[in-house]
Amino acid sequence: MAACQFRRAIAAQVSRVLDRPEDQLIKSISAVPVYKKQPSADFQLFVSSVIERGQDYPRPDTQAETQKLADKLRPDAVVSEISTGAGTVNFKINRELLAKEVVQQVSNDGPEYGFKSELFSGLAKGKTLVEFSSPNVAKRFHVGHLRSTIIGNFIANLKEALGHQVTRLNYLGDWGMQFGLLGVGFQCFGHEEKLRANPLQHLFQVYVQVNKASDEDENIQKAAHEFMRKLEAGDMEALGIWQRFRDFSIEEYIRIYERLGVHFDEFSGESFYREKFQDVLKLLKDNGLLQTSVKGTGVVDLSEKGDLSSIATLVRSDGTSLYITRDLAAAIDRKTKYDFDTMIYVTDKSQETHFRHLFHVLQLMGFDWAEGCQHVPFGLVKGMKTRKGDVVFLEDVLDEARSRMLHNMSAAKTTKELEDPDDTAEKVGLAALIVQDFKGPLLSDYQFNWDQALQNRGDTGVFLQYSHSRLCSLDQMSGSGVLKSLNPACLLEPQAICILQHLLRYDEVIKKSSEDLQPKHIVNYLLVLSHLAAVAHKTLPVKGSAPEVAEARLHLFRTACSVLGNGMRLLGITPVSKM
Ligand code: ARG
């Protein structure tokens, strides 16, 4: 029997007593959360969610029902004790079975531990498109883009682990007036070598310079409009220049995303839809959805009463497209290309109305698949500064995290001799950024603080990395490759049981995150796991213990290390084995 089958075994017994299908009951049985102390039971059944609600009035007395149910249940080979709590029947699993099965299951399932649980059986798997990061070429890569990058990556990882076929899409802001300005600006302020060496930085510099110049010189503005007009008209020379800016930028983006451990299956962008939006307009007109406003713009009525009290503007009075028009064309194009079941957009919350309008227009156009489109919004990060000042480039944030971490590591007494300290500092620094960002609800704004994020102790990514590396080194120090079979009777101390109990809940935690797409459930779970591992590390020594005991403890630590590593990777963190 497998560990995750504990829930099934309990459900089977309850099912016989209540005469209700097992599968219905499974969802009402959950692992008891472990915080600091060992809970007295491993699973609880919420009685109010399983008792029949008949016609009786007043409502049935839950506590009496709970007792009645508990009285009918009997301990067996799996369940050693049955008790009652407030509205719950509690089950304690046979202690040796608990240790044996959890250790075995984690080792058997590897990265799939938790995902193979019965909680996910029968859940629909499909094609999922995740659009995230999506910076604007030649403009600032702000903290919002960083958040979108790490959140989108997490969602894509999670969906993939759940068995969906995932496509990761980057939708660049690669069209618009900034290219008119750049086209002109590059002739005045551009340097070919700088463009090749540091495209993002150089284009941004040119953009800032030409912007300033255009404020003072009307001719520059005119020239920029002329360049943009050429681009829109498909002038080959202008397009050639634009294409080079775009290509160089993407090359550099890819390199930086690699540092983050993020990749994309496709770099799309607004430019792809600079003409295709015409087809969308035609469709809208054919359906009688596009109206001309008094200002001469093209609008779609989103109001319930049909009185234009809520509208989406899709065409400017000069006939050019807007952000939402290109997004409409992009969504329809993606549906044709990928035939997705779900499409997720990750941006800051200021774009909530935009996406609501986008999905609404798609619905009006008769595209029922718009049901499967979802916007995941997140809040603002305040105060993220580097030594150079405000964040302008993603690379600056990564460099800052790495150098601060390097500094902290060289000051810490516990730091090990490392082959590549830069690389370790980078991975730990990144973990710190991710955990800081994922700890709370995504929608909340938060104040960023380097010192807080990089603390060794406390609930940080540094602490997760430290715990992981400590568990790894324990394993290595003992020089143990394959461990001898486990004697579960050696894992009966409360500190060991706490870890095992906590591991029982991993599938429920993943399930929560998969339902609301919030990483905080997993982050907090891993932080607790790390704390429990630290306590066990202190109280359950391997060195100096009898061989059988040492072996059993190594099994336990290896198990904890494995789940910790799995969870970290899901979040987009690369666990380090030494620091
Ligand atoms: N480039 C946009 C920005 O920086 C984000 C794009 C979001 N995705 C979309 N399909 N509109 O604000």
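Just for the range 124-141: of the residues that are touching a Phe, Trp or Tyr at 6+ places or on another chain (Cβ under 6 Å) and more than 19 Å from Phe393 (Cβ to Cβ), which one is farthest from the ligand (Cβ to nearest atom)? Taking the candidates together, the pick is Lys127. Of everything in the range 253-272, what is away from the ligand (no atom under 15 Å from the Cβ) and farther than 25 Å from Lys194 by Cβ? Give them in sequence order. Of everything in the range 253-272, those that are away from the ligand (no atom under 15 Å from the Cβ) and farther than 25 Å from Lys194 by Cβ turn out to be Gly261, Val262, His263, Asp265.
In the range 279-328, which residue that is away from the ligand (no atom under 16 Å from the Cβ) and β-branched (Val, Ile, Thr) is nearest to Glu352 (Cα to Cα)? Outline the logic, then answer.
The initial filter retains those residues of the range 279-328 that are away from the ligand (no atom under 16 Å from the Cβ), namely 279, 281-311, 315-320.
Now drop any that are not β-branched (Val, Ile, Thr), which leaves 292, 294, 297, 299-300, 311, 315, 320.
Numbers: Thr292: 25, Val294: 26, Thr297: 22, Val299: 19, Val300: 18, Ile311: 15, Val315: 20, Thr320: 23 Å.
This residue is Ile311.
Kindly check whether there is at least one residue in the range 240-252 that is within 16 Å of the ligand (Cβ to nearest atom), farther than 30 Å from Asp399 by Cβ and surrounded by 14 or more Cβ atoms within 10 Å (Cβ to Cβ). Checking the range 240-252: not a single residue is within 16 Å of the ligand (Cβ to nearest atom), farther than 30 Å from Asp399 by Cβ and surrounded by 14 or more Cβ atoms within 10 Å (Cβ to Cβ). Cβ-Cβ distances below 6 Å connect the following pairs, each with a first residue in the range 135-161 that is in a strand (DSSP E or B), a second residue that is within 13 Å of the ligand (Cβ to nearest atom), and a separation of six or more residues or different chains: Asn136/Gly173.
Residues in the range 162-187 that are farther than 30 Å from Gly567 by Cα and either among the basic types (Lys, Arg) or part of a helix (DSSP H, G or I) (or both): Met177, Gln178, Phe179, Gly180, Leu181, Leu182, Gly183, Val184, Gly185, Phe186, Gln187.
Condition test on Arg334, is it away from the ligand (no atom under 16 Å from the Cβ), among the basic types (Lys, Arg) and part of a helix (DSSP H, G or I)? Walk me through how you get there before you give the answer.
Working: away from the ligand (no atom under 16 Å from the Cβ): no; among the basic types (Lys, Arg): yes; part of a helix (DSSP H, G or I): yes.
Judged against the criteria, Arg334 is not a match.
Here Asn219 fits the description: out of contact with any helix residue (DSSP H, G or I) (no Cβ under 7 Å at 6 or more places or on another chain) and loosely packed, with under 15 Cβ neighbours inside 10 Å.
Over 28 Å from Glu426 (Cα atoms) and not in a helix (DSSP H, G or I): is that true of Pro575 in this structure? No. The condition of being under 23 Å from the mean Cα position of the chain (by Cα) and touching a residue at least 60 places away in the same chain (Cβ under 8 Å) holds for only one of Leu98, Leu123, Leu169, that being Leu169. Checked against the criterion of being within 21 Å of Lys159 (Cα to Cα), part of a helix (DSSP H, G or I) and modelled with pLDDT of 95 or more, the range 349-366 contains not a single residue that satisfies it.
Among the residues of the range 372-394, just one is assigned to a helix (DSSP H, G or I) and either modelled with pLDDT of 90 or more or farther than 30 Å from Ser350 by Cβ (or both), namely Gly372.
Residues of the range 469-488 being outside any loop (DSSP other than H, G, I, E, B) and under 24 Å from Lys116 (Cα atoms), which ones? If the condition is that a residue be outside any loop (DSSP other than H, G, I, E, B) and under 24 Å from Lys116 (Cα atoms), then Pro488 is the only one that fits.
Of all residues in the range 418-443, those that are closer than 14 Å to His521 by Cα have Cβ atoms under 6 Å from Cβ atoms of residues that are at pLDDT below 95, 6 or more apart or on another chain, in Gln436/Ala453. Of all residue pairs spaced 6 or more apart or on separate chains, those with beta-carbon atoms under 9 Å, a first member in the range 325-345 that is at positive phi and a second member that is in a strand (DSSP E or B) and more than 10 Å from the ligand (Cβ to nearest atom) are Asp339/Lys127. Among the criteria (1) in contact (Cβ under 8 Å) with a residue 12 or more places away in the chain; (2) at negative phi, the one Gly261 does not fulfil is (2). Restricting attention to the range 411-426, does a residue exist that is outside any strand (DSSP E or B), closer than 25 Å to Ser513 by Cβ and in contact with a Ser or Thr (Cβ under 9 Å, 6 or more places away or on another chain)? Looking through the range 411-426, none of the residues is outside any strand (DSSP E or B), closer than 25 Å to Ser513 by Cβ and in contact with a Ser or Thr (Cβ under 9 Å, 6 or more places away or on another chain). Put simply, of Asp475, Asp399 the only residue that is acidic (Asp, Glu) and within 28 Å of the chain's Cα centre (by Cα) is Asp399.
Could you tell me which of the residues Gln205, Gln178 is closer than 26 Å to Phe272 by Cβ and more than 11 Å from the ligand (Cβ to nearest atom)?
Values: Gln205 fails: closer than 26 Å to Phe272 by Cβ.
That would be Gln178, the only listed residue that is closer than 26 Å to Phe272 by Cβ and more than 11 Å from the ligand (Cβ to nearest atom).
For the range 22-53, a residue qualifies if it is farther than 16 Å from Ile82 by Cβ, touching a Ser or Thr at 6+ places or on another chain (Cβ under 7 Å) and not hydroxyl-bearing (Ser, Thr, Tyr), and exactly one does: Glu22.
Kindly indicate the residue of the range 162-174 that is crowded, with 19+ Cβ neighbours inside 10 Å, over 19 Å from His142 (Cβ atoms) and not polar (S, T, N, Q) and also nearest to the ligand (Cβ to nearest atom) among those meeting that condition. Spell out how you get there, then give the answer.
Here is the first cut: in the range 162-174, the residues crowded, with 19+ Cβ neighbours inside 10 Å are 164, 166-172, 174.
Within this subset, residues satisfying the condition of being over 19 Å from His142 (Cβ atoms) are 164, 166-169.
The next check asks that each one be not polar (S, T, N, Q); those that pass are 164, 166, 168-169.
Numbers: His164: 20, Val166: 17, Arg168: 13, Leu169: 9 Å.
The residue in question is Leu169.
Picking from Ile250, Ile254, which residue would you name as being modelled with pLDDT under 95 and touching a strand residue (DSSP E or B) at 6+ places or on another chain (Cβ under 6 Å)?
Values: Ile254 fails: touching a strand residue (DSSP E or B) at 6+ places or on another chain (Cβ under 6 Å).
Every option except Ile250 fails the conditions.
If you go through the range 379-402 and pick out every residue that is farther than 24 Å from Ile250 by Cβ and within 14 Å of the ligand (Cβ to nearest atom), you end up with 1.
If you take the residues in the range 338-350 that are within 13 Å of the ligand (Cβ to nearest atom) and either within 26 Å of Glu160 (Cα to Cα) or aliphatic (A, V, I, L, M) (or both), which one is surrounded by the fewest Cβ atoms within 10 Å (Cβ to Cβ)?
Keep residues of the range 338-350 that are within 13 Å of the ligand (Cβ to nearest atom), which gives 343-350.
Among the residues that remain, those that are also either within 26 Å of Glu160 (Cα to Cα) or aliphatic (A, V, I, L, M) (or both) are: 343-349.
On the way: Met343: 23, Ile344: 23, Tyr345: 25, Val346: 26, Thr347: 24, Asp348: 20, Lys349: 17.
Going through the qualifying residues, I end up with Lys349.
Within the range 271-289, residues that are touching a residue at least 60 places away in the same chain (Cβ under 8 Å) reach partners that are basic (Lys, Arg) with beta carbons closer than 6 Å, at six or more positions or on different chains, in the pairs Tyr273/Arg326.
Across the range 142-155, the qualifying residues are those that are near the ligand (Cβ under 9 Å from one of its atoms) and either among the hydrophobic types (A, V, I, L, M, F, W, C) or within 16 Å of the chain's Cα centre (by Cα) (or both), and the one among them that is nearest to Leu380 (Cα to Cα) is Gly144.
Can you say whether Glu81 is more than 22 Å from Asp23 (Cβ to Cβ), of a type in the set (D, E, K, R) and touching a residue at least 40 places away in the same chain (Cβ under 8 Å), as far as the supplied structure shows?
Values: more than 22 Å from Asp23 (Cβ to Cβ): yes; of a type in the set (D, E, K, R): yes; touching a residue at least 40 places away in the same chain (Cβ under 8 Å): yes.
The answer is yes for Glu81.
The values are calculated or read from the model by the stated rules, or taken from the named source; none is laboratory data. Given the structure is predicted, the values throughout are model-derived calculations rather than measurements. Note that each Cβ is placed from the backbone with ideal geometry, even for glycine, and that neighbours are counted across all protein chains shown.
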